[in-house]
Structure formats: C-alpha cells, structure tokens
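*Asks:* Here it is: the structure, laid out below.
Nothing in this text is a laboratory measurement; each read-out follows from the coordinates by a stated rule. What you are looking at is a predicted structure, and each value in this text was computed from that prediction instead of being measured. Because the Cβ atoms are built from the backbone with ideal geometry, glycine has one as well, and the counts that use them run over all protein chains shown.
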Amino acid sequence: MADGIGRVRFMDAQRVNLDGFATEDARLGMIAYDSPADPAPSLVVRDGRVVEMDGRAEADFDSIDEFIARHGLDLDVAGEAMALDDLAYARMLVDPSVPRAELVRLAAGMTPAKLAAPLGLLRPAELMIAMTKVRARRTPSNQAHVTNRLDDPLLLAADAATAAAFGFRELETTVPVLDDAPSNALAVTLGSVVGAAGVLVQCSVEEALELELGMRGFVSYAETVSLYGTHEVFVDGDDTPWSKALLASAYASRGVKMRVTSGGGAEALMGGAQGYSMFYLEARCVALARAIGAQGVQNGGIDSASVAASVPKGVRSLTAENLMVMLRNLESCSGNDALMSESEMRRTARTLPTLLAGSDFICSGFGSIQRFDNMFGPSNLNAEDIDDFLAIQRDWGVDGGLRTADTAELEHLRRRAAQVARDVYAWFGLADYTDQQVELAVDAAGSKDLGATDTLAVLNAAHTIKTSGLTGLDVVSALEQCGYPDEARRLLDMLAARVSGDYLQTAAIFDEQMNVLSLVTDPNDYLGPGTGYEPTPGRQAEIDAIRQQRSVDDLRRAQDDSEEFARFAVVGQASAGTAAGEVVIGLSPAVGRAISRTLSGLTVSEVLAEVLAGLEEEGCTARLVRINDSIDLGSIGLKAARLAGSGIGIGLQAKGTALIHRRDLSPLANLELYSVAPTIGRADYRLLGVNAGRHAKGATPDPARNPYSDEAIEARYHTRVVALVAIERSLTTGGGPEELRWKGER
C-alpha cells in the first residue's frame with residue numbers, strides 16, 4: 001500500500017502529473033500576483049519631474065525605474081489616472097460603453113504597480129472581455145515558427161510556403177547552428193513569397209546579426225529583444241534600458257518592425273526576482289517597452305511559461321500580461337512559444353481564452369513544423385495541432401488567423417518553393433540541389449524524412465551570403481532571371497514597403513493585397529455586442545471549410561457501389577412465414593440501393609455473410625426482407641420478427657447497427673442490441689446470427705455485449721451517421737416490406 005490505492009496510482013500515471021507544480025514562495029518570485037514585496041502604487045511629480053514612483057524615491061531608482069520615469073509616463077494624465085480607484089478602472093475595462101481610447105489614455109499615466117492592480121482584480125471571463133475591446137488591431141492574425149534541425153534550405157522554403165498557405169502572416173525562423181542564419185533567412189524568405197504576398201519574416205538570432213540581416217533585406221521584423229523586470233537580471237545580460245532603446249531605434253531607422261520580448265517567471269527562472277510577483281515584474285517590462293519606443297511586446301507564455309504555470313493563477317497572469325500590453329497601446333504578440341505542459345487539456349486551456357477574445361497575434365510562435373523540428377523548443381502548439389486549431393476556430397466561429405490549405409494547392413506550393421530555393425541557391429553558387437532532393441522536401445513531414453544531408457553545404461552557403469554582400473535586391477533579380485516573376489514582384493514589394501515605412505505602425509501586418517492593417521489603418525472598434533470585428537462572409541467560409549468536413553452528397557458518392565447493389569434483387573412483397581426454424585433479417589431502406597458500407601468498414605454483403613453463417617451453424621434458415629416504411633431499428637427488427645416463422649427477427653441498418661427481436665415484444669424492447677456500429681466486426685456479426693438461431697430454437701444464449709472502446713466514437717462517426725440516416729430517410733417510401741434475393745458468396 002506504499003504507493004496508495006489503485007485509483008491514486010492510476011491518477012499518478014496521467015500526463016498532467018509530469019508537469020511541475022510549485023508551492024507559492026514569494027522570496028523566490030514564485031508567486032503570480034500580490035507578493036508582500038510588491039509596492040503600493042504611488043507617483044510624486046515635482047516641477048514636471050518624477051521624484052517618486054511606486055514607493056521608491058528618485059535617489060533609489062534603478063535603471064528600469066529611471067527609464068520609465070523619464071520616458072514611460074504621460075504626466076499630463078498621470079494625476080487623474082493615479083487617483084482613479086482600482087475597482088473603478090477594472091469595471092471600465094469590461095464596460096462596453098467605455099471606449100478603448102479612454103482606457104489607453106488613462107493607462108498611459110499609470111505606473112507599473114498602478115496598472116497591475118486593477119488587472120489583478122479581473123476574473124478570466126473579464127480578461128477576455130477586456131482583451132476583445134482593447135487589442136490594437138481589429139483583425140486578428142497569427143505567427144509561425146519555421147525551422148528544422150538540419151537547417152535544410154529546401155525544406156525551410158517548402159515549410160515557409162506551407163505556413164503562408166495556412167494563413168500565418170509572420171514567419172519566425174532560428175538555427176541550431178548560429179552560422180547558418182543567413183541561409184535560413186534567405187530560404188524562409190523565398191518560401192514566404194511563394195506562399196503568399198505580404199508575409200513578414202524574422203530570423204531570431206544574436207541581435208547584431210539579426211540587425212545586419214534586416215539591413216540587407218532578408219528579414220522584415222524582429223522580436224527577440226529581451227526585457228526583464230529587475231535591474232539585476234538586466235545587467236547579467238550586459239544590457240540596460242538605454243541599449244535596448246538604441247537597438248529599437250536602429251531597427252526602425254532601417255525600416256524593420258520591432259517588438260520586445262518579456263514574460264512572467266523569467267526573473268524567477270534567472271534567480272533575480274527580488275521577492276516580487278511575476279505580474280508586477282511584467283508590469284515593469286511592459287511599461288519599459290512603451291518607454292523605449294517598441295511597437296509591441298511578445299509576452300504571456302514565452303520561455304518561462306512553465307514557471308508561471310507552476311503556481312496558482314499563473315496561467316491567468318499570462319493572459320493578463322497580454323492585456324497589459326494592449327492597454328499600453330502596443331501590439332500584443334500573445335506568447336505560445338513554450339510547451340508549457342504535457343497535458344493536452346492544459347495546453348488548450350492556456351490558448352483558448354486568447355483565441356476567443358482575439359489578439360493582434362493569437363500565438364507568438366505557433367510551431368507550423370513538428371515538435372522535433374522546432375529549434376526554439378516545442379511550442380505550446382505545433383504542426384501536430386494545426387487541424388485541432390482549425391477545428392476549434394470553426395467550433396466557436398472565431399478568427400484565429402488560420403485557414404485550411406487545399407491539399408493539391410499545398411503540394412504545388414511546396415514543390416514551387418523547393419524549386420525556387422534550389423534555383424536561387426544555384427544562381428548565386430551557394431549550393432547545388434538535385435531534383436530528388438526537391439521531391440524529398442516536397443513530401444517531407446519533417447527533417448527526419450530527408451535522409452542523409454550535407455550540413456556543411458548549408459554552412460558554406462550561409463558563409464557566402466554573409467561575406468559576399470548579397471542583398472534582397474540581388475535576390476529579386478535572381479528570382480526574375482530564374483523564371484519566377486511573381487515571387488520577384490512580391491519580394492520587391494516587401495523591400496519597397498521598408499522604404500515607405502507604413503508597416504512600422506503599431507500592430508502592423510500586410511494582408512495578401514499588401515494593404516497595411518494596423519492600429520492606425522485597422523483600429524479595434526469593439527464597444528459591446530453588435531460591434532467590433534466579425535469575419536467577412538468570405539473569411540467565415542474559410543474558417544468553416546476544414547478539409548475533413550463531408551456533406552451528404554460526399555457520403556452518398558463514397559457509398560455508391562453498383563457492384564454491391566447488384567447483389568440484391570427484389571423477389572416480391574414479403575409475407576409471414578411458417579417454418580419453425582426461420583429467422584427473418586429485416587434490412588433498412590437503403591440496403592441494396594444507396595448505402596454499401598457500414599461504419600466499421602465492412603460492406604453490407606460481408607455483414608450478411610457472417611450473420612447467415614451464424615444462423616446456418618444453428619441449423620436455421622433465413623429470409624431477407626427490406627423494410628421500406630421505417631428507419632427505426634427497433635421497428636425494423638420487430639417487423640422482421642413478425643414475418644418470421646420462429647417469431648425471431650434480426651434488424652440490420654445499412655450503417656451496421658443491429659439487434660435481435662421477438663414478435664411479442666414492444667418496439668423499444670429487444671433481445672440483444674449491437675448499438676455501436678463502428679466497433680462491430682465479422683466475429684460479432686457471426687455471433688449475432690448464432691444467438692438469433694438459438695433464440696429461434698427456444699434456447700437462452702449468453703447475450704452478446706457491445707465491443708468496448710474508450711475512443712471518441714461519437715465524435716468520429718456521428719457526422720457520418722447524420723448523413724447516412726438522411727440517405728435512409730430519403731428512401732423511406734412508406735411501401736410494404738419487400739423480400740430480397742441476395743447473390744453474395746459466403
């Protein structure tokens with residue numbers, strides 16, 4: 001008994017218990033909200049200068065306080081904002097009559113502690129209401145990771161085109177080998193312009209190299225510029241708020257969009273939380289992001305997401321972090337970079353509120369590739385989850401930024417992207433790839449499908465790109481010369497957009513017509529029910545049209561088997577039999593006409609062969625009768641029993657559901673029922689025949705039990721059942737029962 005009772009041992013074996021859960025410990029920063037060390041909000045301004053902020057005098061300011069005090073507060077509104085009751089502001093956040101602009105105006109004058117306080121009062125549903133209203137851009141979007149463990153250019157290009165086809169508007173790549181970065185940036189850029197127009201690309205590497213790639217036109221945005229909530233952790237990385245501000249201006253001056261990265265739990269993970277709560281420290285990071293002039297923040301579940309998720313209300317605080325970014329009038333790139341749990345339920349629960357509420361980017365770093373190829377580490381959502389995500393979008397009727405990609409079009413795009421990468425690499429003398437390597441990349445689900453590759457070729461290509469002075473304009477020329485004018489135009493348009501700078505607006509993305517959607521051009525206008533963003537009919541059709549959906553006509557075509565139907569012929573009207581050993585098999589209206597295959601995959605003839613063989617084992621005879629006035633299985637079985645000489649009938653629907661009935665029972669009563677058609681196999685149908693025969697002889701057989709399955713049978717088959725039942729219903733003529741001759745072989 002040392003391991004507890006069986007029920008507890010069973011619970012211990014579930015995947016959620018692989019996660020780490022921590023007791024709150026404020027000393028270590030392992031607390032989501034309201035640490036004893038968190039300061040009370042305060043702001044003292046003297047002669048236009050902040051001399052106290054959140055309980056700390058100017059003389060005691062650290063570098064973060066200093067930068068926020070000098071550059072991060074709107075002192076014109078600060079007095080009003082700081083005097084506002086926390087509960088009053090929290091209620092304003094969920095009040096449809098209070099516009100976004102007013103909430104943002106007040107937030108601009110709030111210190112980190114002051115903004116954190118009312119957000120800490122919001123319950124989960126209230127956080128979602130507030131996010132719906134306060135996000136910057138009206139139209140939601142999504143961001144993908146495109147990486148692989150081999151840095152293979154052809155696969156990167158194919159996967160980038162795939163991500164664009166699924167609707168991702170930003171593609172982020174990185175490298176397992178730092179020196180490969182220029183090649184990865186080029187490959188993903190090439191794939192992006194094959195997949196769609198206006199897709200932004202990032203190569204997340206060391207900041208100086210990332211900036212160089214941006215200046216040369218290989219990437220168009222950056223976000224891995226990390227901020228931290230304590231001075232101690234900041235300086236550990238040889239950084240200061242001033243160095244980050246300089247970097248932000250360097251990106252902007254080169255026409256490269258830039259946001260910063262932070263997130264609850266980072267300081268605790270690095271041993272520098274100084275006893276503060278995760279949420280308060282993140283409030284400092286977000287205020288600093290506003291102060292340094294970044295366009296947005298990637299937070300709410302980055303590398304330290306599992307740290308935040310280990311403590312009570314930690315996941316709630318991750319969503320509140322995103323809301324805090326929105327209130328600072330910044331783009332919110334809602335973090336899903338880290339696989340925060342081994343539990344499928346917890347992973348989904350982490351993302352669902354953001355998906356339902358909407359964000360500028362529903363996910364920061366949706367791994368559009370498989371987990372093992374995600375060189376950032378597995379994201380909270382990866383390629384394994386794309387179909388699930390598309391289905392959840394459809395379930396709730398919300399726009400998560402993605403769409404189903406047509407299978408044939410996807411193959412075409414992957415092949416073209418791999419060919420483009422091959423030809424451009426050859427044009428510049430970077431590497432030579434064969435047709436076979438192109439085809440492997442087209443078909444590959446991941447880098448494991450490529451077989452042996454020459455990783456030194458990638459390294460040499462990257463070195464040549466870096467040392468040759470190659471630029472984006474050179475790549476445009478190469479695309480044109482290699483016979484890819486559409487891709488050349490798309491890349492040139494992206495480079496031209498860098499010059500105009502319109503997409504440096506907050507929360508900017510391009511749509512596929514190269515229109516800039518941003519806080520300026522596409523502002524969020526939600527003011528309660530009936531207002532705000534709703535997908536257009538065309539976009540809603542994209543959301544709804546997942547590749548797995550089937551119509552009745554689709555199912556009818558799949559069931560159309562003339563050879564199977566030809567096995568059945570009408571003999572005439574059925575009449576009551578008199579033979580003592582006779583069992584009548586009652587068939588539903590679609591048998592022999594429109595439905596050829598049961599839910600288990602067996603044809604109706606294969607089912608009948610087994611049932612008849614079972615009856616024969618018991619020395620019974622059988623007749624086949626099609627019941628034309630009902631699709632109810634109980635009614636079919638009872639009518640069959642009343643026609644049988646033995647008084648025993650079998651009811652069989654074309655979809656495979658079956659029962660044994662007796663003539664003196666009520667329609668809903670029966671002797672045995674095989675109700676879960678998808679699980680019924682040949683042996684079960686034979687046993688059905690055997691037991692029906694034993695009932696006909698007056699014996700009492702051991703009743704058969706439905707085969708057990710712990711799978712989601714209803715979810716898997718009920719849509720098909722609805723379609724099959726609709727087909728059956730359309731053939732219910734109201735006519736009398738027909739005796740059939742079956743030409744099947746046993």
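*Asks:* For the pair Arg729/Arg346, report the inter-label distance in nm, with labels modelled 7 Å from Cα in the Cβ direction.
*Replies:* 4.4 nm
*Asks:* Same structure, new question: Which whole-Hz couplings ³J(HN,Hα) result when phi for each residue of segment 573-584 is put into the Karplus expression 6.51 cos²θ - 1.76 cosθ + 1.60, θ = phi - 60°, listed in order with x for Gly and Pro?
*Replies:* Residue by residue, segment 573-584 yields 5, 7, 10, 6, x, 10, 5, 5, x, 8, 10, 9 Hz.
*Asks:* How far, in nm, would the chain grow between Ser551 and Arg27 when pulled straight, counting 0.36 nm per residue and subtracting the alpha carbon separation?
*Replies:* Numbers: separation 524, 0.36 × 524 = 188.64 nm, distance 5.89 nm.
Contour length minus the Cα-Cα distance gives 182.8 nm.
*Asks:* Net charge near Asn691: determine it from the other residues with C-beta under 13 Å of the C-beta of Asn691, scoring Lys and Arg +1 and Asp and Glu -1.
*Replies:* Once positives and negatives cancel, what remains is -1.
*Asks:* Shifting gears a bit: If you count, for each residue, the other Cβ atoms within 10 Å and average over each peptide, how do 289-297, 378-386, 69-77 line up from highest to lowest? Let's see the in-between values first.
*Replies:* Working: 289-297: 24.7, 378-386: 21.2, 69-77: 17.1.
Going by the mean number of other Cβ atoms within 10 Å, highest first, we get 289-297, 378-386, 69-77.
*Asks:* Let me ask something else about it. Can you put Ser368, Ser447, Ser141 in order of Cβ neighbours within 10 angstrom, beginning with the fewest?
*Replies:* Ordered from fewest to most neighbouring Cβ atoms within 10 Å, Ser368, Ser447, Ser141 come out as Ser447, Ser141, Ser368.
*Asks:* Of the listed peptides 658-670, 156-168, 242-254, what is their order by residue-averaged count of other C-beta atoms within 10 Å, with the highest listed first?
*Replies:* 156-168, 658-670, 242-254
*Asks:* Then there is this: Please turn the phi angles of segment 84-97 into ³J(HN,Hα) values with the Karplus equation 6.51 cos²θ - 1.76 cosθ + 1.60 (θ = phi - 60°), one per residue in order, whole Hz, x for glycine and proline.
*Replies:* 6, 5, 4, 5, 4, 5, 4, 6, 4, 4, 9, 7, x, 7
*Asks:* Please list the non-local residues whose amide H lies under 5 Å from the amide H of Ser226, H modeled 1.01 Å from N, same-chain partners needing a gap of 5 or more.
*Replies:* Result for Ser226 returns Thr261.
*Asks:* So, with +1 on the Cβ of K and R and -1 on the Cβ of D and E, and no other charges, what is the size of the charge dipole of segment 554-742 about its Cα centre, to the nearest 20 debye?
*Replies:* Using only the charged Cβ atoms, the result is roughly 300 debye.
*Asks:* According to a simple spin-label model (label point 7 Å from Cα along Cα-to-Cβ), what is the distance in nm between Asn460 and Glu409?
*Replies:* Result: 3.9 nm between the two label points.
*Asks:* Moving on to the next point. Tell me which GluC sites (Glu not before Pro) from segment 184-277 have a DSSP coil assignment and no more than 15 other beta carbons within 10 Å of their own.
*Replies:* In loop regions of segment 184-277 (DSSP not H, G, I, E or B), the sparsely surrounded GluC sites (Glu not before Pro) are Glu206.
*Asks:* Assigning unit charges at the beta carbon (Lys, Arg +1; Asp, Glu -1) and nothing else, what dipole magnitude in debye, to the nearest 20, does segment 476-529 show about its Cα centre?
*Replies:* With Lys and Arg at +1 and Asp and Glu at -1, about 180 debye.
*Asks:* Could you grab the relative contact order for the chain? Cα pairs under 8 Å, six or more apart, rounded to a whole percent.
*Replies:* 14 percent
*Asks:* Go through Val520, Pro140, Pro112 and say which Cα lies farthest out towards the positive end of the charge dipole of the chain; charges sit on Cβ, +1 for Lys and Arg, -1 for Asp and Glu.
*Replies:* Positive-most Cα among the choices belongs to Pro140.
*Asks:* Would you mind ranking Val476, Val625, Val325 by Cβ crowding within 10 Å, fewest neighbours first?
*Replies:* Val476, Val625, Val325
*Asks:* Sequence-distant or interchain residues sharing an amide H contact under 5 Å with Asp25, placed H: which?
*Replies:* Met30, Ile31
*Asks:* Which of Val721, Gly572, Ala640 sits farthest toward the positive end of the charge dipole of segment 554-742, with +1 on the Cβ of Lys and Arg and -1 on the Cβ of Asp and Glu?
*Replies:* Gly572
*Asks:* Search the structure for amide H atoms under 5 Å from the amide H of Arg597, placed 1.01 Å from N in the peptide plane, and list their residues when 5 or more places away or on another chain.
*Replies:* Here the answer is Val604, since their amide H atoms fall under 5 Å of that of Arg597.
*Asks:* Per DSSP H run of n ≥ 4, the term is -39500 (n - 2.57); total these for the chain, divide by its residue number, and report the mean residue ellipticity at 222 nm rounded to 500 deg cm²/dmol.
*Replies:* -13500 deg cm²/dmol
*Asks:* Apply the Karplus curve 6.51 cos²θ - 1.76 cosθ + 1.60, θ = phi - 60°, to the phi angles in segment 657-668 and return the couplings in whole Hz, x for Gly and Pro.
*Replies:* 5, 8, 7, 10, 10, 10, 4, 9, 8, 6, x, 7
*Asks:* What distance in nm separates the two pseudo spin-label positions at Asp76 and Ser249, each 7 Å out from Cα along the beta-carbon direction?
*Replies:* Simple spin-label model gives 2.2 nm for this pair.
*Asks:* For Lys639, give me every one of the lysines with a C-alpha distance below 29 angstrom, ignoring sequence neighbours fewer than eight places off in its own chain.
*Replies:* Leaving aside lysines fewer than 8 places away in the same chain, those within reach of Lys639 are Lys655, Lys697, Lys743.
*Asks:* Let me ask another. Under 12 Å from a label point 7 Å along Cα→Cβ of Arg91: give me every residue in segment 110-135 with its amide N that close.
*Replies:* Label zone hits: none.
*Asks:* Given R₀ = 22 Å, what would the calculated FRET efficiency be for Val571 paired with Arg593, taking r from the Cβ atoms and rounding to 0.05?
*Replies:* Details: r = 15 Å, r/R0 = 0.70.
Between Val571 and Arg593 the formula returns 0.90.
*Asks:* Next question, about the same structure. Say the dipole of segment 554-742 comes from +1 at the beta carbon of Lys and Arg and -1 at that of Asp and Glu; which of Ser709, Gln653, Gly689 then lies farthest toward its positive end?
*Replies:* Checking the options against the dipole of segment 554-742, the answer is Gln653.
*Asks:* Hey, another quick one. Give me the net charge for the shell around Gly272: Cβ to Cβ below 10 angstrom, other residues only, Lys and Arg +1, Asp and Glu -1. Walk me through the intermediate numbers first.
*Replies:* Numbers: positive: none; negative: Glu232, Asp236, Glu267.
My count for the surroundings of Gly272 gives -3.
*Asks:* Using Cβ counts within 10 Å as a stand-in for footprinting exposure, how do Met326, Met215 rank, fewest first?
*Replies:* Met215, Met326
*Asks:* Could you give the size of the charge dipole of the chain about its Cα centre, using +1 on the Cβ of each K and R and -1 on the Cβ of each D and E, expressed in debye and rounded to the nearest 20?
*Replies:* So the magnitude is around 2640 debye.
*Asks:* Over 32 Å between Cα atoms, which of Lys257/Lys466; Lys257/Lys448; Lys114/Lys244; Lys244/Lys466; Lys244/Lys448 qualify?
*Replies:* Beyond 32 Å between Cα atoms: Lys257/Lys448; Lys244/Lys448.
*Asks:* Give, in nm to one decimal, the length gained when the segment between Asn515 and Asp544 is fully stretched (0.36 nm per residue of separation minus the Cα-Cα distance).
*Replies:* Result for the pair: 8.0 nm of gain on full extension.
*Asks:* Same structure again: May I ask you to compute the full-extension gain from Ala40 to Lys448, defined as 0.36 nm times their residue separation minus their alpha-carbon distance, rounded to one decimal in nm?
*Replies:* Between Ala40 and Lys448, full extension yields an extra 141.5 nm.
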